[in-house]
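Every number here is computed from the coordinates shown, using simple stated rules; none is lab data. Not measured: the values here are computed from a predicted model. Virtual Cβ from ideal backbone geometry, glycine too; neighbours counted across all protein chains shown.
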Amino acid sequence: MTDDVHFYDPQEGHGLRHDPFKAIVAPRLIGWISSRDAHGRVNLAPYSFFGAFASVPSIIGFSSEGYKDSIRNIEATGEFAWNLSTRELGERMNRTSAPVAHDVDEFELAGLTKAPGRNVSVPHVGESPAALECKLLQIVRLKNLAGEPMDNWLALGQVVGVHIRKEFLKDGLFDTAAARPIMRAGYRGDYAQIGEMFEMIRPTS
């Protein structure tokens, strides 16, 4: 330990103005998840804890702090879709985070198009440059070191369909820079958008 390093044990508190965890583990792509309940009602909500976990087959997942509508819907139907949130769609994505009643349609609330799924019954955001249709693999309730169940629920799904708007395909590649994805980047209202991109090839030996 040196004087130029701030160390803390999370159980004892960070001693800072705000908990730095979400600012350190950043930026994070947003899990903008659409789902449908057993009665056909649609939900759309963003989650800041999201990631990709495998490529063959492709598996993505998001974690919900609280047993919310998205988890409840996916558990009931076994399907969901992920929608790429972009700078152009940022304000409308943020609108879908509002705490509204279960029967409120966030697509309508945010003025978004319900594009029909091909391999799932869940619609995706038609304005999004890319969307992934998913079938549920498992929902895991997280536990802490003491083995106590937390109010955090991890949903993992296998990608069974991919939608890409053709304007974002350049020479057979998805143009990430043109799509301008936005990401969570720290504290309460902090977001980031993709900046300079560079290539670095992995060593082969």
Item to check | Every residue from segment 95-154 that is in contact with a strand residue (DSSP E or B) (Cβ under 8 Å, 6 or more places away or on another chain), of a type in the set (Val, Ile, Thr) and within 19 Å of Tyr47 (Cβ to Cβ) | outcome: Thr96, Val120, Val122, Val125, Ile139, Val140
Checklist entry - Does any residue of segment 110-120 turn out to be in contact (Cβ under 8 Å) with a residue 40 or more places away in the chain, polar (S, T, N, Q) and within 25 Å of Arg188 (Cα to Cα)? => result no
Next on the checklist: Anything in segment 165-196 that is over 15 Å from Leu29 (Cβ atoms), touching a helix residue (DSSP H, G or I) at 6+ places or on another chain (Cβ under 7 Å) and among the aliphatic types (A, V, I, L, M)? List them, or say none.
Outcome noted: Ala178
Checklist entry - Where residues in segment 163-184 are touching a residue at least 60 places away in the same chain (Cβ under 8 Å) and assigned to a strand (DSSP E or B), which of them is farthest from Phe49 (Cα to Cα)? => result Pro181
Checklist entry - Quick check: is even one residue across segment 121-141 of a type in the set (Gly, Ala, Ser), over 16 Å from Ile60 (Cα atoms), surrounded by 13 or more Cβ atoms within 10 Å (Cβ to Cβ) and in contact with a helix residue (DSSP H, G or I) (Cβ under 6 Å, 6 or more places away or on another chain)? => result no
Item to check | segment 1-44 - residue that is touching a His at 6+ places or on another chain (Cβ under 7 Å) and hydroxyl-bearing (Ser, Thr, Tyr) and, of those, farthest from Lys114 (Cα to Cα) | outcome: Tyr8
Item to check | Subset of segment 1-43 (residues that are touching a residue at least 40 places away in the same chain (Cβ under 8 Å), of a type in the set (Gly, Ala, Ser) and either surrounded by fewer than 17 Cβ atoms within 10 Å (Cβ to Cβ) or outside any strand (DSSP E or B) (or both)) | outcome: Ala23, Ala26
Checklist entry - In segment 143-189, which residue that is within 17 Å of the chain's Cα centre (by Cα) and basic (Lys, Arg) is farthest from Glu127 (Cα to Cα)? => result Arg188
Next on the checklist: Tell me which strands (runs of 3 or more DSSP E) are completely within segment 44-155 and hold 1 or more residues being charged (D, E, K, R), or say none if there are none.
Outcome noted: 58-65, 79-83, 130-143
Checklist outcome for this item: Given (1) touching a residue at least 60 places away in the same chain (Cβ under 8 Å); (2) farther than 22 Å from Gly78 by Cα, Gly195 misses just (1)
Checklist outcome for this item: By residue number, the members of segment 79-100 that are crowded, with 16+ Cβ neighbours inside 10 Å and either among the acidic types (Asp, Glu) or over 16 Å from Gly31 (Cα atoms) (or both) are Glu79
